[in-house]
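To start, the structure itself, in structure tokens.
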Amino acid sequence: MIPKNWDMTADVVVVGYGAAGVAAAVTAHELGADVIILEKAPEGQEGGNTRVAAQGYLNTSSAEKAAAYLKALCGPFTVPDEMVRAWSEEMCLNNDWLAGLGGDPQEHQHQPAGIEFPDLPGADCVHKFHDGPTYGFSNTWHRFESLVRERPIRVCYETPGRELIQDGASGEILGLRAGQGDASVFVKARKAVVLTCGGFENNQEMIRNYLSGVPYCYTSGSPYNEGDGISMALAVGADLWHMNNFAGPSMALKVPQFTTTFSMQALHFTKTMPGGMIVVGPDGKRFTDEKFKTRHGKVPSNGTWQALVTPCPMHMVFDQTLMASGPLYDKTPSHGWTQIIERYDWSEDNSAELKQGWIKTADTLAELAPAIGLDADSLNETVARWNAHATAGLDEDFQRTLMLTPLDRGPYYAVELSPSMLNTQGGPRRIEKAQVLRPGGGAIPRLYSAGELGSIYSYLYQGTGNIGECLAFGRIAARNAVEETPWS
Ligand SMILES: Cc1cc2nc3c(=O)[nH]c(=O)nc-3n(C[C@H](O)[C@H](O)[C@H](O)COP(=O)(O)OP(=O)(O)OC[C@H]3O[C@@H](n4cnc5c(N)ncnc54)[C@H](O)[C@@H]3O)c2cc1C
């Protein structure tokens, strides 16, 4: 239905105010377009995953090497050469773009450790940057946000895009219906709509349908990313890609009172803490090196990389020494929605969380097991085996080397862990002009996308590649959107 009256009009309507939305909106504005950004979240919670990310973005040093590296990352899950070329040519320009707008690109100090797959061809093209003096703490996001604020770009908060309005005959996207509370708002896009509304991290039905190996999975990023862009694009005939690829899973605490996850310090690959700790599945057995540094959720498996197995429900079982060593959760607001936006004040001695039942305890393992739904004999056996291996200094089952400490005498504790993720990669299939494609080919006229909503990453992922890609394809989308002739 094409509305008789439109409530708002712009040349380019950008749906979603994260990094991709910023890059698209600012670029379109710089090219002379009148731009509106529609954002689902209330003011103060905009920015999506970008706002709470670790704040790194990729700026590759050579287009040729970047193309080789991306191809290798995709492995057997190939993407078309034209897309690889567009990505690699644009990813070298992120710093120039940001600096040209008054930003302050700074290279991460831990180079070259940030190269996630150093053995792949072209890997030394990777250079990770952030804006401003420190890494984390929403710093890069605050720069992005200021680029919008400094310009007459209209931002409509609490105005989620609900459905695209498509000309029945030509298939062109003319605008969209957005929501403001229960009311509908019709927004006309004279030239184009750019979808930048993130992934489906907070949509359990999409997670069950699209991600393999996880019956449920929770986000450590924005809860507003509920797959709306996928539903909107599907309804106008878009194809999808990379739906089963995601930056995860890791294992984290999820409690009913909060939508997003709490990361457990004892599971962090860089931290060693006093005390004994293992993670077991529903059969009461260990299933992984709990301290392994996954590559954004992927672990090596017979010469390939596969998503970490997460047999749910999982439990972190630990001893009094770990319990008494300080808060199980690191609340530093450097990254993560729970840390930065929710700001839950976890107690220093874990007592408040014990009282709330987030942490369970019992004097013996035999008593703890039924309290967390496990078989007591199995848990006892697992702990005895771990303790023997830890004492001998050799984890024969999973070759863990960090926190190789036996679980002490009781009391014992347990925290239920759920699969957690940073972000999904799938969404509408994108081509090199950032247009959204129909199944079988042919772009949907006047519809563009950028960011993690239909990201290029099909298999392995290089950290900082997502925000880097948001900037690259946000600019590409805007340049092409602005070239469109206004419809009448
Ligand atoms: C803890 C954490 C750390 C990370 N660290 C890094 C890192 O250092 N480097 C890196 O490259 N990647 C990192 N990532 C991943 C990265 O943050 C995201 O992939 C990237 O920021 C996605 O940007 P985007 O613009 O596509 O989407 P987002 O930044 O998620 O923005 C999407 C926006 O769309 C809005 N929205 C949703 N639905 C609608 C709708 N219907 N209508 C209007 N608006 C809507 C959302 O509210 C949100 O504001 C991290 C992720 C997390 C969670």
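When the criteria are applied in full, Met273 fails the requirement of being under 22 Å from the mean Cα position of the chain (by Cα) and under 18 Å from Leu407 (Cα atoms). Restricting the range 409-426 to residues that are more than 15 Å from the ligand (Cβ to nearest atom) and among the aliphatic types (A, V, I, L, M) leaves a set whose member that is surrounded by the fewest Cβ atoms within 10 Å (Cβ to Cβ) is Ala414.
Restricting attention to the range 36-91, the residues being closer than 17 Å to His127 by Cβ and more than 22 Å from the chain's Cα centre (by Cα) number 8. Restricting to the range 192-206, what's the tally of residues that are buried (at least 22 other Cβ atoms within 10 Å of the Cβ) and away from the ligand (no atom under 15 Å from the Cβ)? Residues meeting the conditions: 1. Only one of the listed residues (Thr134, Thr140) is in a helix (DSSP H, G or I), within 15 Å of the ligand (Cβ to nearest atom) and among the polar types (S, T, N, Q). That residue is Thr140. Of the residues examined, Ala388 is not one that is touching a helix residue (DSSP H, G or I) at 6+ places or on another chain (Cβ under 6 Å), free of Cβ contacts under 8 Å to residues at least 24 places away in the same chain and either assigned to a helix (DSSP H, G or I) or not assigned by TED's automatic domain parsing to the domain that holds Pro215 (or both). Beta carbons closer than 6 Å, at least 6 apart along the sequence or on distinct chains, pair a first residue in the range 218-238 that is at positive phi with a second that is of a type in the set (A, V, I, L, M, F, W, C) and more than 7 Å from the ligand (Cβ to nearest atom) for Gly227/Phe200; Gly227/Met206. Condition first: farther than 22 Å from Gly47 by Cβ and at pLDDT 95 or above. Can you find one or more residues in the range 330-344 that meet it? The answer is no; no qualifying residue exists. Checking the condition over 27 Å from Ile341 (Cα atoms), at pLDDT 95 or above, touching a Lys or Arg at 6+ places or on another chain (Cβ under 8 Å) and not assigned by TED's automatic domain parsing to the domain that holds Leu460, which residue from Leu322, Leu308, Leu267 passes? Result: Leu308 is the single residue among Leu322, Leu308, Leu267 that is over 27 Å from Ile341 (Cα atoms), at pLDDT 95 or above, touching a Lys or Arg at 6+ places or on another chain (Cβ under 8 Å) and not assigned by TED's automatic domain parsing to the domain that holds Leu460.
Apart from one condition, Thr405 fits all of (1) part of a strand (DSSP E or B); (2) surrounded by fewer than 22 Cβ atoms within 10 Å (Cβ to Cβ); the exception is (1). Within the range 397-415, residues that are in contact (Cβ under 8 Å) with a residue 24 or more places away in the chain reach partners that are among the β-branched types (Val, Ile, Thr) and part of a loop (DSSP other than H, G, I, E, B) with beta carbons closer than 7 Å, at six or more positions or on different chains, in the pairs Phe398/Thr288; Leu402/Thr272; Met403/Thr272; Gly410/Thr364; Ala414/Ile372. Among the conditions (1) more than 16 Å from the ligand (Cβ to nearest atom); (2) over 29 Å from Pro249 (Cα atoms), the only one that Pro370 does not satisfy is (2). The listed residues are Leu174, Leu240, and the only one of them that is away from the ligand (no atom under 15 Å from the Cβ) and crowded, with 20+ Cβ neighbours inside 10 Å turns out to be Leu174. Is there a residue in the range 61-76 that is within 15 Å of the ligand (Cβ to nearest atom) and closer than 20 Å to Val26 by Cα? Scanning the range 61-76, I find no residue that is within 15 Å of the ligand (Cβ to nearest atom) and closer than 20 Å to Val26 by Cα, so the answer is no.
Residues of the range 428-474 that are of a type outside the set (Val, Ile, Thr) and either in the same structural domain as Val309 (by TED's automatic domain parsing) or assigned to a helix (DSSP H, G or I) (or both): Gly465, Asn466, Gly468, Glu469, Cys470, Leu471, Ala472, Phe473, Gly474.
Checking the condition at pLDDT below 95 and not assigned by TED's automatic domain parsing to the domain that holds Met316, which residue from Gly213, Gly227 passes? Write out each step before concluding.
On the way: Gly227 fails: at pLDDT below 95.
The unique qualifying residue is Gly213.
In summary, strands (runs of 3 or more DSSP E) completely within the range 278-332 and bearing 3 or more residues that are under 21 Å from Arg385 (Cβ atoms) and touching a Leu at 6+ places or on another chain (Cβ under 6 Å) occur at 314-319. Among residues of the range 334-360 that are outside any loop (DSSP other than H, G, I, E, B), those with a beta-carbon under 6 Å from a residue that is surrounded by 17 or more Cβ atoms within 10 Å (Cβ to Cβ) and acidic (Asp, Glu) at least six positions away or on a different chain give the pairs Ile359/Glu353.
The number of residues in the range 215-237 being in a loop (DSSP other than H, G, I, E, B) and within 16 Å of the ligand (Cβ to nearest atom) comes to 10.
Selection within the range 1-51: residues that are basic (Lys, Arg) and crowded, with 24+ Cβ neighbours inside 10 Å. The member of this set that is farthest from the ligand (Cβ to nearest atom) is Arg51.
Listed conditions (1) in a strand (DSSP E or B); (2) crowded, with 24+ Cβ neighbours inside 10 Å; (3) within 16 Å of the ligand (Cβ to nearest atom) are all met by Ala477, apart from (1). Residue count for the range 456-472, restricted to those that are among the small types (Gly, Ala, Ser), near the ligand (Cβ under 9 Å from one of its atoms) and within 20 Å of Gly16 (Cβ to Cβ): 2.
The values are calculated or read from the model by the stated rules, or taken from the named source; none is laboratory data. Quick caveat, the model's predicted, so the values are computed rather than measured. Virtual Cβ from ideal backbone geometry, glycine too; neighbours counted across all protein chains shown.
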